[in-house]
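Before any comments, here is the structure.
The values are calculated or read from the model by the stated rules, or taken from the named source; none is laboratory data. What you see is a predicted model; the values in this text were computed from it and never measured. FYI the Cβ positions are ideal-geometry reconstructions off the backbone, even for glycines, and counts take in every protein chain you see.
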Amino acid sequence: MTGYVVRRVLWGVLLLILVSALTFVLFRILPTADPARLRAGPNAGPRVIAEIRANLGLNKPLLTQFWLYMKGLFLHFDLGYSYYSGASVKSLVFDRLPATLSLTIGSAIIWMAIGLPIGILSALRRRSRTDRGAMGAALLFISAPEYWLGLIVLYLFAADIGQIKVFPGAGSYTGLTADPQKWVTSLILPWLVLAAGFAAVYARLMRGSLIETMGEDYIRTARAKGLPERRVVLHHGVRAAITPILTIFALDVGVLLGGAVLIETVFDIPGIGRLNYAAITHADFPIIQGTVLLAALFIVVANILVDIAYAYLDPRVRYS
Amino acid sequence: MSPLDGAETPEVTAASSASEASPDAGHSANPEPAHPVEEPLLRVEDLRVTYLTEDGVVQAVDGISYELGRGRTLGIVGESGSGKTVAALSVLGLTRAEGATVSGRIAFAGRDLLALTESELRVIRGDEIAMVFQDPLSSLHPMYRVGAQIVEAIRAHRDTAKAPSRARAIELLDLVGIPEPSARVDSYPHELSGGQRQRAMIAMALANDPKLLIADEPTTALDVTVQAQILALLSRLQRERGMALVLVTHDLGVVAEMADEIAVMYAGRIVEHAPAERLFAAPEHPYTWGLLRSIPTLDGPREELLTPIPGSPPSPLAPPSGCRFHPRCPYSEPEHARIDPALEAVPGQPDHEVACLLASQTRRRLWMALADRNRTPDQSLSTVAPSSPAPAPESAA
């Protein structure tokens, strides 16, 4: 097991190196991507550009550049400086991370808490009115684009522009350490909007997985033992049905930690997604590169965690 | 036409065994050893199971009746789709959850199981009646240790702490012949061999000393060498514990050595029901003949061709009219497509019942001719029976 984890982590590191190399290459073959020119701004003369090029080390051989870039990245998490503001990408990313973490984790808890019980009920009462209602609603929430849902919710409930002024509106995000109560209220709407689509997806996943599991022979065995139906469902059915869902869950959370661009934009939450969106509009490549690498890191880590978790969740999976 | 017109199936069934038993089952739950004849442990009367599927109504079990005394063994034999498994699952109420309609009467130790609520039935399941399933790998939960699954079965019915339950689980694993039970108790199902898994299933079924064990194809998913061991184990446990056993199988060889009585099922019905020796010595139904003649023997010539039953089992959605076996029966006559034979006692043999439209003398003559052509099926079966040592195949030389 330990050997497996070590190997899995090494593969993850290798993957991150590859992603880093890929972004490095991309940024040097993109036609508009001469960093010195971008950094210098539109009105700079050739001397200024040459100076910046020397400062950034862009006049060194490509392999040397690559080595310095990788060294900075892996030893100091040095992602360079924003072309637009000149701020360090590293500090920008770390400043924005708490908001994205808050949004993702809170929303993940909500969508699991809503989606899984609905999925379980739907599976157990298949084709009933409860099931049809729940699955119809799920389809609605899956189909509703989250930016649209976000705007609707703001229009209805935001304190500033809403019809019923309940929750703080867009741009009200407050850090957890600054004011915990405001942190909660400012995030309730984005949490719910982000969770809505995921809860719908997870309800459907849970329903499908549990229906399949409840048809398994070991469920019949559990009933033949004389166990109460509640225990048959939760201890035998859900236990087996939830394993593949947790895999998807970890990956979804990993992806969202890389930035929930739409939600952060609609609610103006200063998270990684918002940072990324702004960077794209300004062609601010160091920031884009930083957020891409961060997203890759989260996804790789989520994958490793899934693989390790699987060994504990399903004893048939034993890595040797 | 049968010579015994007018005899209703349930009456024949009742008359064929405990005739002095009280028809009132209410007070017979406690067996009194002084009584010479006691109420059978299990009495199934006119059991019918219907499924509503997208393609139509499936009559999986179509009015079967049988009885089983304490400590006795009934073999239910039939092809896939004959309804034998559904008939067995219905005893435990395990067909209820799947949208089936079950009617009839299943009296177990004086109680009508079909009249019980789900929670009343749950008290009996896994306690007084236990079940062993076909495929032990898919029937054991893949994510829990074998011991934990046995402990769960114990604690579902007994208010015992975890430690003594675990000790009991180890004891049970030892009883069913699993080596190093105190280590194996912590194994996951996939870490055991096929035979050990089925032994673990049996250990789980025995956890609460059931009065009745229903084994649904308990050896079908296992290697041939292991099959015999599992059958020997079931046989020993049954003897030691005085359990009644319903053994559901498609393999007459499996029931040959173990069953006291055999019921042959075809298309949801019992077509022949007789004491085991009698069924092998003088089978009455053409379908039973077909089953017997499709079994290979070890002492026969190697070139000997097995005789398959022509055709395939009928669709349960649209069973044939009249005698359900008539499309595949080599001896069927035109009117057999119209007349539905009842299960009736063979003349002079009150405990041998058959549902066949051929005259009794005709059947006897046909079977004699078939038996002469091969060897006697009695002899051939004793050699296929799994637990008997295989004689050297000298006749092939």
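For beta carbons closer than 9 Å, sequence separation of 6+ or different chains, a first residue in the range B:145-160 that is more than 17 Å from B:Val123 (Cα to Cα) and a second that is outside any helix (DSSP H, G or I) and of a type in the set (S, T, N, Q), the qualifying pairs are B:Arg145/B:Ser187; B:Val146/B:Ser187; B:Gly147/B:Ser187. Of the residues making up the range B:73-106, those that are within 14 Å of chain A (Cβ to nearest Cβ) and surrounded by fewer than 20 Cβ atoms within 10 Å (Cβ to Cβ) are B:Arg96, B:Ala97, B:Glu98, B:Gly99, B:Ala100. If you filter the range A:287-319 down to residues that are among the hydroxyl-bearing types (Ser, Thr, Tyr) and either touching a Pro at 6+ places or on another chain (Cβ under 9 Å) or more than 14 Å from every other protein chain (Cβ to nearest Cβ) (or both), you find that the one that is nearest to A:Val5 (Cα to Cα) is A:Tyr319. Away from every other protein chain (no Cβ under 14 Å) and under 16 Å from the mean Cα position of the chain (by Cα): does that describe B:Arg43? Here the answer is yes, as B:Arg43 does meet what is asked. Residue count for the range A:176-215 satisfying the condition of being more than 14 Å from chain B (Cβ to nearest Cβ), more than 20 Å from the chain's Cα centre (by Cα) and not in a helix (DSSP H, G or I): 3.
Once the range B:138-153 is narrowed to residues that are outside any loop (DSSP other than H, G, I, E, B) and more than 7 Å from every other protein chain (Cβ to nearest Cβ), the residue that is surrounded by the fewest Cβ atoms within 10 Å (Cβ to Cβ) is B:Ala148.
There is no residue in the range B:108-115 that is within 11 Å of chain A (Cβ to nearest Cβ) and more than 21 Å from A:Leu124 (Cα to Cα).
Only one of the numbered conditions (1) out of contact with any strand residue (DSSP E or B) (no Cβ under 7 Å at 6 or more places or on another chain); (2) at pLDDT 90 or above; (3) over 20 Å from B:Ser80 (Cα atoms) is not met by B:Glu303, and that is (2). Can you name the residue in the range A:241-268 that is closer than 30 Å to A:Glu212 by Cα and either in a loop (DSSP other than H, G, I, E, B) or within 14 Å of chain B (Cβ to nearest Cβ) (or both) and is also farthest from the chain's Cα centre (by Cα) among such residues? Once the filter is applied, the top-ranked residue is A:Ala241.
Within the range A:94-119, being surrounded by fewer than 21 Cβ atoms within 10 Å (Cβ to Cβ) and β-branched (Val, Ile, Thr) holds for A:Ile105, A:Ile109, A:Ile110, A:Ile114.
Every residue in the range A:58-84 that is of a type outside the set (Phe, Trp, Tyr) and surrounded by 13 or more Cβ atoms within 10 Å (Cβ to Cβ), please. Listed by number, the residues that qualify are A:Leu58, A:Lys60, A:Gln65, A:Leu68, A:Met70, A:Gly72, A:Leu73, A:Asp78, A:Leu79, A:Gly80, A:Ser82. A search for C-beta distances below 8 Å between a residue of the range B:118-129 that is on the phi > 0 side of the Ramachandran plot and within 7 Å of chain A (Cβ to nearest Cβ) and any residue that is hydrophobic (A, V, I, L, M, F, W, C) and part of a loop (DSSP other than H, G, I, E, B), counting only pairs 6+ apart in sequence or on different chains, returns B:Gly126/A:Leu227; B:Gly126/B:Ala156; B:Gly126/B:Ala207.
Scanning the range B:176-196 for residues that are away from chain A (no Cβ under 12 Å) and outside any loop (DSSP other than H, G, I, E, B) yields B:Pro181, B:Ser182, B:Ala183, B:Arg184, B:Gly194, B:Gly195, B:Gln196. Checked against (1) more than 24 Å from B:Asp216 (Cα to Cα); (2) modelled with pLDDT under 95, B:Arg168 passes all but a single condition, namely (2).
Residue count for the range B:164-175, restricted to those that are small (Gly, Ala, Ser) and either part of a loop (DSSP other than H, G, I, E, B) or within 14 Å of another protein chain (Cβ to nearest Cβ) (or both): 2. If A:Glu229 meets every condition in (1) touching a residue at least 24 places away in the same chain (Cβ under 8 Å); (2) touching an Asp or Glu at 6+ places or on another chain (Cβ under 8 Å); (3) surrounded by fewer than 17 Cβ atoms within 10 Å (Cβ to Cβ); (4) of a type outside the set (Lys, Arg) apart from one, which number is that one? Failing condition for A:Glu229: (1).
Applying the set (1) under 29 Å from the mean Cα position of the chain (by Cα); (2) in a helix (DSSP H, G or I); (3) among the hydrophobic types (A, V, I, L, M, F, W, C) to A:Val48 leaves exactly one unmet item: (1). When the range A:144-165 is filtered for residues that are part of a loop (DSSP other than H, G, I, E, B) and either surrounded by 15 or more Cβ atoms within 10 Å (Cβ to Cβ) or not β-branched (Val, Ile, Thr) (or both), the ones remaining, listed by number, are A:Ala144, A:Pro145, A:Ala159, A:Asp160, A:Gly162, A:Gln163, A:Lys165. Against the criterion of being in contact with a strand residue (DSSP E or B) (Cβ under 8 Å, 6 or more places away or on another chain), under 30 Å from B:Glu152 (Cα atoms) and in the same structural domain as A:Leu192 (by TED's automatic domain parsing), A:Ala224 qualifies. Of the set (1) surrounded by fewer than 21 Cβ atoms within 10 Å (Cβ to Cβ); (2) small (Gly, Ala, Ser); (3) more than 14 Å from chain B (Cβ to nearest Cβ); (4) within 17 Å of A:Gly254 (Cβ to Cβ), all apply to A:Gly271 but (1).
For the range A:216-240, the candidate set comprises residues that are facing chain B (nearest Cβ under 9 Å), hydrophobic (A, V, I, L, M, F, W, C) and under 37 Å from the mean Cα position of the chain (by Cα); within that set, the residue that is farthest from B:Ala153 (Cα to Cα) is A:Ala240. Scanning the range B:218-236 for residues that are in a loop (DSSP other than H, G, I, E, B), out of contact with any Phe, Trp or Tyr (no Cβ under 8 Å at 6 or more places or on another chain) and buried (at least 20 other Cβ atoms within 10 Å of the Cβ) yields a count of 2. Taking the criterion of being part of a strand (DSSP E or B) and surrounded by fewer than 21 Cβ atoms within 10 Å (Cβ to Cβ), the residues of the range B:107-125 that qualify are B:Ala107, B:Arg111, B:Asp112.
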